[in-house]
1. At 7 Å along Cα-to-Cβ for each site, give me the label-to-label distance between THR117 and ALA159 in nm.
2. For segment 8-87, give the magnitude of the charge dipole about the Cα centre (Cβ charges: +1 Lys/Arg, -1 Asp/Glu; no others), in debye to the nearest 20.
3. Show me the three semi-axes of the equivalent ellipsoid for segment 164-256, from the C-alpha gyration tensor (sqrt of 5 times each eigenvalue), largest first, rounded to whole Å.
4. Which is the longest part of the chain that has none of the GluC sites (Glu not before Pro) sitting in a DSSP loop with at most 15 other Cβ atoms within 10 Å?
5. Scan segment 117-196 for trypsin sites (Lys or Arg not before Pro) in coil per DSSP, keeping those whose Cβ has at most 10 other Cβ atoms within 10 Å, and list them by number.
6. Relative to the Cα centre, what is the charge dipole magnitude of segment 164-256, using +1 at the beta carbon of each Lys and Arg, -1 at the beta carbon of each Asp and Glu, and rounding to the nearest 20 debye?
7. Using the C-alpha atoms of segment 8-87, what convex hull volume per residue, in cubic angstrom, is computed?
8. Return the distance in nm (one decimal) between the two label points of a simple spin-label model at ALA65 and GLN281, each offset 7 Å from Cα along Cα→Cβ.
Amino acid sequence: MARHIPSLNALRAFEAAGRLGRMTLAAIELNVTHSAISRQVQNLEAVLGVPLFEGPKNRLRLTEAGVTLLAGLGTAFDQIDASVRSVADTDEGPLDVSCPGTFTMRWLIPRLYRFQTDYPNIDVRLTASSKPVDFERDGFDVAIRVGDPPWPAGADVIALFPEQIGPVLAAMPATGQVESLHGFPELHTRTRPSAWPDWRARSGRSIAAGPKVDYEHFYFMLEAARAGLGVCAAPWPYVADDIKAHRLVAPFGFIDSGHSYVALRRSRRNRKASLFCDWLQAEAEHFQQSDPAEPGGAL
């Protein structure tokens, strides 16, 4: 079925004038003259056979037909803009990145300024999520995840670094208790309930920690450990800065958890996503050169 669409220039002129409320402002936005906007709107009214504006020239208001048309055009132009952006291969504009929340706060954001310095025209928009990625359904360009294969079909997989995990607690004067963790409350998070069992199984250690305390989010649990409320099993990327600053200690160091951090990218690449993933790889390589703390460090 053939579409009966008036001139797109006329529709753009009307949409800008209706949205901004004045033809002068529409002319400025579209970089044309006021008379050009007025002429395009008049031509559109002639094609449609209905008035779109009414009232004196200095106080125009939309007619009922104009209100209806403006609502539809706003949605249509937004969809056109989104479609164009989805295929445009440029070094500027928004880049949508999905990433686990705590990893975003503890590892990505503290380093992101370096990417923004190198690529100021790329607007990195972060969404906190650890859910499986479906690039056909989700609008993300890149997703950072921790786990194991298989990864989503149709995604390019960029390896970042293996995950290492270990018990951490607030820095305090050295005592025998710290070495055994005897009596310290054992902090858990509902978002990763297997952290302690996995660490015990892989390390072969049996510790006599105190009562278990559950937190809803990983970030809350880490803040509780920093505040001296107990000991938690945490990934090295989440606590590296705190250990180096002597806010946290890792009595037993860190061991491989068996998981890996990866960046997943749409198989249909664009330059923004490629630049970001190249930067991520370089940051990950630099991060790996800083080995996890040795057992008993920074008390």
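Each value in this text was obtained by applying a stated rule to the coordinates, not by laboratory testing. The shown structure was predicted, so the numbers you read here are calculated from the model rather than taken from an experiment. All Cβ positions, glycine included, derive from the backbone under ideal geometry; neighbour counts span all protein chains shown.
1. Output for this residue pair reads 2.9 nm.
2. Numbers: 8 positive and 7 negative charges, 51 e Å.
Result for segment 8-87 is approximately 240 debye, rounded to the nearest 20.
3. Numbers: eigenvalues 52, 47, 38 Å².
So the equivalent ellipsoid measures 16, 15, 14 Å along its semi-axes.
4. Looking at the chain, 1-91 is the longest stretch - no exposed GluC sites (Glu not before Pro) with at most 15 other Cβ atoms within 10 Å.
5. Working: sites: ARG125, ARG137, ARG145, ARG190; in loops: ARG137, ARG190.
Sites meeting the loop and neighbour criteria: ARG137.
6. Once rounded to the nearest 20, the dipole reads 100 debye.
7. Working: hull volume 6.9 nm³, N = 80.
With only Cα atoms used, segment 8-87 gives 87 Å³ per residue.
8. Result: 5.8 nm between the two label points.
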